[in-house]
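Just below is one structure, and these are the notes that go with it.
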Amino acid sequence: MGFFSWKTQDEGKTIPNQFSGLATYKVYMIDNKGNVWIEENYEGYGKFGGKDYYELLSEMNGDGPDRSRGIELAFPNFSSGGDHTEGVLYPNLFRWKEGNGTAEDWIKAYDPKGPESCEFQGYFYEQCERCGETYPDPQEYYSECPECGYDGTLDEEE
């Protein structure tokens with residue numbers, strides 16, 4: 001099974017997993033009823049605070065905690081979409097919490113569309129060919145490595 005991830009809905013930033021080389025951060029997964037699961041170190045397999053994203057998606061849409069059903073709802077007819085299927089309620093993913101973090105605050109912040117998928121799958125970020133440093137902001141273009149200054153040109157032979 002491969003990695004997968006999303007972008008946070010409050011900042012639009014990718015959620016890196018712990019194997020990516022980027023620092024992980026606290027992510028709050030919420031449902032439409034104000035329940036919250038907190039993940040401190042995302043592993044890349046869809047679990048936030050011990051709760052599976054697709055199981056929660058299934059539950060939120062009237063089925064039990066069935067991961068396969070959640071995936072079917074997110075990807076109808078095996079589509080490649082997975083984001084914003086009309087009529088489907090999605091868990092939300094936030095980097096910070098609004099207000100004082102009460103259930104009412106989370107319900108107010110909830111968006112039924114849910115988060116966008118991360119095109120890097122939380123792992124496959126650009127890395128420097130020379131030093132292996134993972135670039136800190138995957139949405140930004142780097143003309144040279146911020147760690148070692150390598151610009152992609154061949155080294156001159158001595």
* Once you have a ≥ b ≥ c as the square roots of the Cα gyration tensor eigenvalues for the range 1-61, tell me rounded if a/c is under 1.5, and otherwise prolate or oblate according to whether a/b is larger than b/c. => prolate
* Amide H within-cut-off set for Y90, under 5 Å, with H built and near neighbours excluded -> G114
* Structure fact -> N41 and E104 label points (each 7 Å along its Cα→Cβ direction) are spaced in nm at 3.7
* What nm distance separates the two modelled labels at H84 and W96, each placed 7 Å from Cα along Cα→Cβ? -> 2.4
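First check a/c for the range 1-124, with a ≥ b ≥ c the square roots of the eigenvalues of its C-alpha gyration tensor; if it is under 1.5, answer rounded, and if not, answer prolate when a/b is larger than b/c or oblate otherwise. Write down the numbers at each step before the final one.
Working: a/c = 1.58, a/b = 1.02, b/c = 1.55.
Judged from the Cα gyration tensor, the range 1-124 comes out oblate (a/c at least 1.5, b/c at or above a/b).
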* Residue order, fewest to most beta carbons within 10 Å, for W37, W6, W106 -> W37, W106, W6
* Can you list which of the GluC sites (Glu not before Pro) found in the range 1-68 are DSSP loop residues with at most 11 other C-beta atoms within 10 Å? => E11, E40
* Asked: What residues of the range 8-26 lie in the reach of a label at K113, counting those whose backbone N is under 13 Å from a point 7 Å from the Cα along Cα→Cβ?
  -> 9-10, 12
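Given 0.36 nm per residue, what is the gain on full extension from Q127 to Y150 after removing their alpha carbon distance, in nm?
On the way: separation 23, 0.36 × 23 = 8.28 nm, distance 1.10 nm.
That pair, Q127 and Y150, stretches by 7.2 nm at full extension.
Every number here is computed from the coordinates shown, using simple stated rules; none is lab data. The model shown is predicted, which means the values in this text are computed figures rather than measured ones. Cβ: placed from backbone, ideal geometry, glycine included. Neighbour counts: every protein chain shown.
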